[in-house]
1. Go through V135, V124 for me and flag whichever is surrounded by 22 or more Cβ atoms within 10 Å (Cβ to Cβ) and not polar (S, T, N, Q).
2. Which of the residues belonging to region 39-63 are part of a helix (DSSP H, G or I) and at pLDDT 95 or above?
3. Just to be sure, is T344 free of Cβ contacts under 8 Å to residues at least 60 places away in the same chain and either more than 21 Å from W109 (Cα to Cα) or touching a strand residue (DSSP E or B) at 6+ places or on another chain (Cβ under 8 Å) (or both)?
4. Determine if region 44-56 includes at least one residue that is within 17 Å of S164 (Cβ to Cβ), among the aromatic types (F, W, Y) and out of contact with any Pro (no Cβ under 6 Å at 6 or more places or on another chain).
5. The conditions are (1) closer than 30 Å to A299 by Cβ; (2) surrounded by 14 or more Cβ atoms within 10 Å (Cβ to Cβ); (3) out of contact with any Phe, Trp or Tyr (no Cβ under 9 Å at 6 or more places or on another chain), and K117 fails exactly one of them. Which is it?
6. Wholly within region 128-239, which strands (runs of 3 or more DSSP E) include no fewer than the required count, namely at least 1 residues that are under 25 Å from E20 (Cα atoms) and without any contact (Cβ under 8 Å) to a residue 40 or more places away in the chain?
7. Just one of the numbered conditions (1) more than 27 Å from A195 (Cβ to Cβ); (2) in contact (Cβ under 8 Å) with a residue 24 or more places away in the chain is not true of L301; which one?
Amino acid sequence: MRKMQAVLCGYYGMGNGGDEALLATLLQMLPDHVTPLVLSGNPQETRDRYNVETCNRMAIPVLQALRQSDVFIWGGGSLIQDATSAVSPFYYAGLMAMAQQLGLKTIAWAQGIGPLKRPLTRAVARRTFAKCTAVSVRDRGSAALLADWHISCTLAPDPVWAMSATPVPGLWNLPAPRIAVTLRSHPELTATRLANFTKALISLQQATQTCILLVPFQNQDLAIAQTIQPQLPGANQILCLEDPKALKGVFRGVEMAIGMRYHSLIMAASEGCRCFALSYDPKVSKLMQEIEMPGWDLAQLPDDPNVISQVWLEHYANGTPLEPDQIQSLVDRALMHRDLLSETLSSY
């Protein structure tokens with residue numbers, strides 16, 4: 001089988017642990033005869049971390065990279081949505097359209113499509129997905145949208161379920177038991193809600209005598225962790241980890257995870273943690289529904305910190321993580337994203 005080059009396009013090199021986890025998993029799943037070239041916001045960092053060829057995602061050489069390649073892959077996540085930015089879907093769809101015009105095989109891989117609130121972005125998305133060689137999605141809502149557009153796809157759990165984890169040096173030296181917390185900035189996480197969350201976390205720590213691990217998944221998360229940390233009465237640590245496999249490894253050493261970050265909840269659940277979600281986005285709500293994960297919509301977070309802490313304490317004491325066979329089933333089905341790559345790229 002002859003060698004081929006694939007351009008990998010996503011929100012890479014932008015300091016987001018979830019998107020880095022998607023890249024790490026995509027590289028893990030690529031067939032051996034495919035050489036990746038990653039479009040990155042920080043090409044040197046991406047090159048050093050993954051030992052791959054890279055190109056600045058916003059630079060003119062992207063066109064040259066496409067002309068020298070055989071395949072273009074949207075590499076997972078919520079790339080085609082206009083809730084965060086109206087520009088984002090046009091950037092990704094524009095690159096996909098360019099690759100299609102150049103005759104490359106094009107794969108939309110492990111996509112979480114939407115929200116698409118604007119008629120123009122919906123039309124652009126529909127046209128671009130329709131011209132893809134192959135498509136896989138990570139949730140039923142995305143699959144239903146493509147079905148409405150008469151576009152076939154593979155539906156499988158997020159590929160990060162199947163990402164391998166690595167140990168975190170020093171983690172086991174921290175006091176046990178441990179609870180991990182992953183928050184992110186969001187308009188719904190108001191100062192009042194953050195204060196109530198922190199009071200509830202203090203009560204939970206006092207009741208359980210746990211070590212609280214504050215785990216930023218993106219640079220912007222660090223400020224929130226630094227706001228909470230000085231108020232905690234017991235053992236705690238802020239863990240800033242750049243390697244997504246190490247981020248997943250954190251959850252091998254904790255009893256419970258409380259999180260907003262979508263991929264933090266997947267990582268925690270896949271490592272056998274009890275999980276409690278705070279949903280700020282439909283993708284988190286969908287995950288909660290699909291694996292019956294307890295939690296609240298962030299906008300519905302109780303006003304009374306005592307109510308919050310009591311619910312957490314009950315879940316800490318009596319909640320159950322996913323069963324090993326449930327986790328294995330999710331991992332096995334997530335590998336369908338790998339199979340799609342193998343099948344699509346083996347016939348080149």
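The values are calculated or read from the model by the stated rules, or taken from the named source; none is laboratory data. Only a predicted model underlies this, so the values are computations on that prediction, with no experimental measurement involved. Ideal geometry is used to build each Cβ from the backbone, glycine not excepted, and the neighbour counts take in all protein chains shown.
1. On the way: V124 fails: surrounded by 22 or more Cβ atoms within 10 Å (Cβ to Cβ).
None of the other options fit; the residue is V135.
2. Initial filter on region 39-63 (part of a helix (DSSP H, G or I)): 43-50, 61-63.
Within region 39-63, P43, Q44, E45, T46, R47, D48, R49, Y50 meet the criteria.
3. Working: free of Cβ contacts under 8 Å to residues at least 60 places away in the same chain: no; either more than 21 Å from W109 (Cα to Cα) or touching a strand residue (DSSP E or B) at 6+ places or on another chain (Cβ under 8 Å) (or both): yes.
No.
4. Scanning region 44-56, I find at least one residue that is within 17 Å of S164 (Cβ to Cβ), among the aromatic types (F, W, Y) and out of contact with any Pro (no Cβ under 6 Å at 6 or more places or on another chain), so the answer is yes.
5. Status for K117: all satisfied but (2).
6. Values: elements: 134-137, 178-182, 211-214, 236-238.
Because the criterion is at least 1 residues that are under 25 Å from E20 (Cα atoms) and without any contact (Cβ under 8 Å) to a residue 40 or more places away in the chain, the strands (runs of 3 or more DSSP E) in region 128-239 that meet it are 134-137, 211-214, 236-238.
7. In the conditions (1) more than 27 Å from A195 (Cβ to Cβ); (2) in contact (Cβ under 8 Å) with a residue 24 or more places away in the chain, L301 misses (1) alone.
Conditions (1) at pLDDT 95 or above; (2) closer than 30 Å to G41 by Cα; (3) under 15 Å from the mean Cα position of the chain (by Cα), marked per residue:
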| residue | (1), (2), (3) |
| --- | --- |
| K199 | yes, no, no |
| S203 | yes, no, no |
| T210 | yes, no, no |
| Q220 | no, yes, no |
| N236 | yes, no, no |
| C240 | yes, yes, no |
| L247 | yes, yes, yes |
| H263 | yes, yes, yes |
